[in-house]
Each structure stands twice: as C-alpha cells, then as structure tokens.
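Report on the following structure.
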Amino acid sequence: MDLVQYIQINPEIRFGKPTIKGTRIAISDILQWLASGMSNDEILEDYPQLKLEHIHAALAFAANREQMIKMVAA
C-alpha cells in the first residue's frame, strides 16, 4: 500500500501529526477509535469523509512505524 497516497504530515495541521490527506483526522484518532471497539462501519458512518482505504492506511502506517521502532532498538 502506498501510504503517501493517503497520509500526510504537515506542521500546519494537527501540530504535525500524521493525518489522512484532505482531512484533519489524525492516524492516532483512527487507531484510538478502533482500540475502543468501534467497527470500521461505525467510523465510516460517523466520519463520512473517510473511506475504508483510509482506515487500512492508518493500520498499515502503525504497523510500519512499529517495525521501524524494532529496527532502531535492535
């Protein structure tokens, strides 16, 4: 998945947190909603500007970030 297609980091938006392009929705917001038990359908219903690909991109971003942390720690 080409994350650059879906995710941006802009210091002018949400203090530079990674967000979904074209929105102010941070990747961490999506991850917190999922962790709290919201389903993909509930998130998409509450935030109609999002698409399922955005949720998948947020998960992929988090997985890639976790992998990078493991590499740096090793």
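The values are calculated or read from the model by the stated rules, or taken from the named source; none is laboratory data. Quick caveat: nothing in here was measured; it's all calculated off a predicted structure. Positions of Cβ are backbone-derived with ideal geometry, glycine not excepted, and every protein chain shown enters the neighbour counts. The accessibility values were calculated without ligands, DNA or RNA, using every heavy atom of the protein model including side chains. Shrake-Rupley method; radii C 1.70, N 1.55, O 1.52, S 1.80 Å.
Between Met1 and Asp41, how many nm apart are label points set 7 Å from Cα along the C-beta direction?
2.0
Between (i) 35, 29, 19; (ii) 41, 29, 22; (iii) 62, 42, 31, which entry matches Cα extents along the principal axes in Å as derived from the coordinates of this structure?
Label (ii) holds the value from this structure.
Identify the residues of region 3-26 with backbone N under 17 Å of a label point that sits 7 angstrom from the Cα of Glu53 along the Cα-to-Cβ direction, or state none.
3-8, 19-23
If one takes the longest principal axis of the Cα atoms in the chain, at what angle in degrees, from 0 to 90 and to the nearest 10, does the Cα axis of helix 52-73 lie?
It works out to around 20 degrees.
At 1.4 Å probe radius, can you tell me the per residue accessible area of the chain in Å²?
On a per-residue basis, the chain sits at 68 Å².
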